[in-house]
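**Student:** Take a look at the following structure, please.
Nothing in this text is a laboratory measurement; each read-out follows from the coordinates by a stated rule. Not measured: the values here are computed from a predicted model. Reconstructed Cβ throughout: ideal geometry from the backbone, glycine too, with neighbour counts over all protein chains shown.
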Amino acid sequence: MPQSFSVPRLLINRLRDVMAGDMEADTRLQKVVTLIAGTMVADVCSIYKRTDTDELELVATEGLAATAVHQTRMAFDEGLVGQIALSGEPLSIQDAPRHPAFSYRPETGEDPYHAFLGVPILRGGRVIGVLTVQNRTERLYDEDEVDSLQTIAMVLAEVVASDVPTQPSSADPRESRPITLRGRILGEGLGLGAARLHDPIVSPARYFTDDPDAEARRLSTALRQLQASLDRMLTNDVSAIFGEPREVLEAYKMLASDPMWAARLEETVRSGLSAEAAVDRSRREHRIKLENAADPYLRERLHDLEDLDNRLLRVLAGSDGSAVGADGAEAGAASEVLIARRLGPAELLEYRNSGLAAIILEEVAPSSHAAIVARALGIPTLGGVAGISNAVAQGDQVIVDAEQGTLHVRPDQDLLTAYETRRLMRTERQAAFQALKDQPSRTRDGVDIKLMLNAGLALDMDAMEKTGAEGIGLFRTEFQFLVSDTLPKMESQIGLYRQILDYAGNRPVHFRTLDLGGDKMLPNANKGEEENPALGWRSIRFALDRPGLFRRQLRALVRAADGGPLSVMFPMVTKAEEFFEAKALLMEEIEWSVARGFQAPCEVRTGAMLEAPALAFSLGELASEADFISVGTNDLLQFFFAADRMVPSVSERYDFISRPALRFLDMVRQECERHQLPVSVCGEIASHPLEALCLIGLGYHTLSMPASGVGPVKRMLRSVDLSTFGPEFRAAIYDSNADLRNEVLSIADIQKIALKDHG
């Protein structure tokens, strides 16, 4: 046994006796601070408790003035104690009075103390208090002492929390009135059901062990059971899921096999804590680190670790680790709306057969692991709904509108009636769109419009058959790189690209090369924070600066084509030279593959994505080398309007249906036509019937969009006579000053163009 664990073992043995005693909470806390001070040879030990008014109250002390107990209160962000409460992190200071955050309270008599160590007392991921020790001499507490104090704080949490509200009581957010909240659409659809609060936390039944060796063996057995349950889930539950969702779960399983995690848990158990307490401590550490992590990749890893902690606690409690089984959910139960602060990918997968009508996640990004799995399951899902877990009570009725990005909590009868109408309309609409699946995408006057899909997951390919799309206009290749702890191996890349080509059959697939950088940075490629990542080191800039990574992807694409056609497009090309350099690397990889006995693609088509407005003035230079241009409206419009599309206050300020934007796109289309460059549009706007009408009115005859847009857009274009609409539309753009959106709507109404569900 390492010598460094002697102090924690001694503390834990004595603490167990104190905790087992029958006494008032204040008496117990006083005995605890006396015990800690004596064992750690500290001159002061104090406990501060968070009050219902969000102050920090001194509730027990050994070394400070006894009269200060229940009298000294500080604001939640005041002093060193406040710094710990705010950050949720330990704080060790050699000379506390000189620290700029130090707050002097004369009634405590702390004048002679210099060395300071404080740790948060956490419960449910929330700071409910602070535990501190102080010494007269100037010194820094070592890691073992910090470790010991954190362990004690964990055990103290239940005692301190016994009369602390779990939420500030200034206002109860769970009222009976209806409320409406907004979120980001992660998986489209409509859902209605009773709220089901996902609470995977299992509190330890006991904190101490009399036999650390036996407890370590019990922990080891539970870890093996956890890994076996994940193996079964990967074998049985995801056999029909390919590509990224499966890779997410494979990466998750690797975390469960991490020897460092297991070793850390065993060390804590051998210090005298129970296996449950050791895991609970790990979970608290992961959760508070997650709360303070700004990097999205790090947050995702910490989230997965917290999920594993919860699963292991359930295994120790005698279950198979499943969050669904832990609270009695059964397949085929009445429709419920699952509400969670966050979910691990494995937990989300386990809810697939639990009668879920929808999922609401408080903390999630569209590229997160949970979002990828949610899309794979086809459950209506909203993410980024701040405060939802505090605004909804178990059993509240919830309407989830994952078409418009809203949810209604405790809806009134009018909203319920409107929802039922929407649901019936959606069912009828889907049936109508399905009936159009095999009909040509052709206007009334005989103009063919190609409707293609934007995709990024292998499971997205099913939508081609369901919608009748003519191919993949944009396949995003970066998801495979973002969901794994390590770069995907060559064979893994080849396998995914070949799978996509096999799904597509004779229909075209345009692979967009890695669009990394900005907010999609690989963990081992981060150059540090950028003030404006959308305009920074990303997309083709990143790829050309990382030629090794880029060439491996190009080689995988060439190998996946296996002698068939290959279409590749490069993202965010700003000047012609970037395209020439990228294409040259592709051609070198083709030569490299042929020299080693692999087949060259029978046809190679290369294109540039016009997302930076500057490229619009270089189309003539590209004409001799590029085979096509794809206008990426998502990025193009944010650059065009200088409005970050991730900031609602500005992204919603500028309308695509505006004369400047449409005149610019008209210029691009005419320039491409002049240089005989085929041009298409891919982006969210192409999936909206009114915006798509404007695009075909400008002369764009190939549109690529999310699967949900194909049906509505096909229905619209089959009602259009372009020979009649086109001239009036152009007159509205160039010869009128009226509100353009209203003008276009008026023209469409007069010409009976099908923009809405009915009419």
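**Student:** Past the 26 Å Cα-Cα mark, which pairs from 714/752; 437/489; 466/489?
**Tutor:** Violating the 26 Å limit, Cα to Cα: 437/489; 466/489.
**Student:** I'd like to compare 400-406, 502-508, 698-704: which one has the highest average count of other Cβ atoms within 10 Å, and what's the full order after that?
**Tutor:** On the way: 400-406: 19.1, 502-508: 13.3, 698-704: 22.4.
Listed from highest to lowest mean packing, they are 698-704, 400-406, 502-508.
**Student:** Please give the contour-minus-distance gain from residue 623 to residue 602: 0.36 nm per residue of separation, less the Cα-Cα distance, rounded to one decimal in nm.
**Tutor:** Gain on stretching residue 623 to residue 602: 5.4 nm.
**Student:** Could you give me the ³J(HN,Hα) list for segment 259-265, computed from phi with Karplus coefficients 6.51, -1.76, 1.60 and θ = phi - 60°, whole Hz, x at Gly and Pro?
**Tutor:** Along segment 259-265, the couplings run x, 5, 4, 5, 5, 5, 5 Hz.
**Student:** Fewest to most neighbouring Cβ within 10 Å: what's the order for 408, 510?
**Tutor:** Ordered from fewest to most neighbouring Cβ atoms within 10 Å, 408, 510 come out as 408, 510.
**Student:** I would also like to ask the following. In nanometres, what is the gap between the two model label sites at residue 752 and residue 17, each 7 Å from Cα along Cα-to-Cβ?
**Tutor:** Taking the simple label geometry, residue 752 and residue 17 are separated by 9.3 nm.
**Student:** Give the Debye-formula value of log10 I(q)/I(0) at each listed q (0.13, 0.14 Å⁻¹), with one equal scatterer per alpha carbon of segment 441-719, two decimals each.
**Tutor:** Relative scattering, expressed as log10 I(q)/I(0), comes to -0.89, -1.04.
**Student:** Would you work out which of 634, 685, 570 lies farthest towards the positive end of the dipole of segment 441-719? Charges go on Cβ: Lys and Arg +1, Asp and Glu -1.
**Tutor:** Of the options given, the answer is 685.
**Student:** While we're looking at this one, here's another question. Extension gain residue 27-residue 225, at 0.36 nm per residue separation less the Cα-Cα distance, in nm?
**Tutor:** Stretched out fully, the residue 27 to residue 225 stretch lengthens by 67.2 nm.
**Student:** Need the full-extension length gain, residue 659 to residue 386, defined as separation in residues times 0.36 nm minus the C-alpha distance. One decimal, nm.
**Tutor:** Stretched fully, the residue 659-residue 386 segment lengthens by 94.7 nm.
**Student:** Continuing with the same structure: Quick check on packing: order 543-550, 144-151 by the mean number of other C-beta atoms within 10 Å, highest mean leading.
**Tutor:** On the way: 543-550: 16.0, 144-151: 20.9.
For the peptides 543-550, 144-151, the packing ranking is 144-151, 543-550.
**Student:** Net charge near residue 659, counting Lys/Arg +1 and Asp/Glu -1 over other residues with Cβ under 13 Å of its Cβ?
**Tutor:** Net local charge, residue 659 excluded: -2.
**Student:** What FRET efficiency comes out for residue 684 versus residue 89 if R0 is 45 angstrom and r is the Cβ-Cβ distance? Round to the nearest 0.05.
**Tutor:** 0.70
**Student:** If you don't mind, there's one more thing I want to ask. How high is the FRET efficiency from residue 211 to residue 416, r the C-beta distance, R0 56 Å, rounded to 0.05?
**Tutor:** 0.45
**Student:** Check each of the trypsin sites (Lys or Arg not before Pro) in segment 443-512 and keep only those in coil by DSSP with at most 14 other C-beta atoms within 10 angstrom; list them in order. Mind dumping the intermediate values first?
**Tutor:** Details: sites: 444, 450, 466, 476, 489, 498, 512; in loops: 444, 489.
The qualifying sites are 489.
**Student:** Can I ask one more? With 5 Å bins from zero, work out the P(r) of segment 3-163 over every alpha carbon pair and list the percent per bin.
**Tutor:** The percentages, shortest bin first, are 2, 10, 20, 25, 23, 14, 6, 1, 0.
**Student:** Can you sort 713, 127 so the residue with the fewest Cβ neighbours within 10 Å comes first? The partial results should precede the final answer.
**Tutor:** On the way: 713 25, 127 19.
The most exposed by this proxy come first: 127, 713.
**Student:** Ranked highest first by average number of other Cβ atoms within 10 Å, how do 269-282, 566-579, 653-666 line up?
**Tutor:** Listed from highest to lowest mean packing, they are 269-282, 566-579, 653-666.
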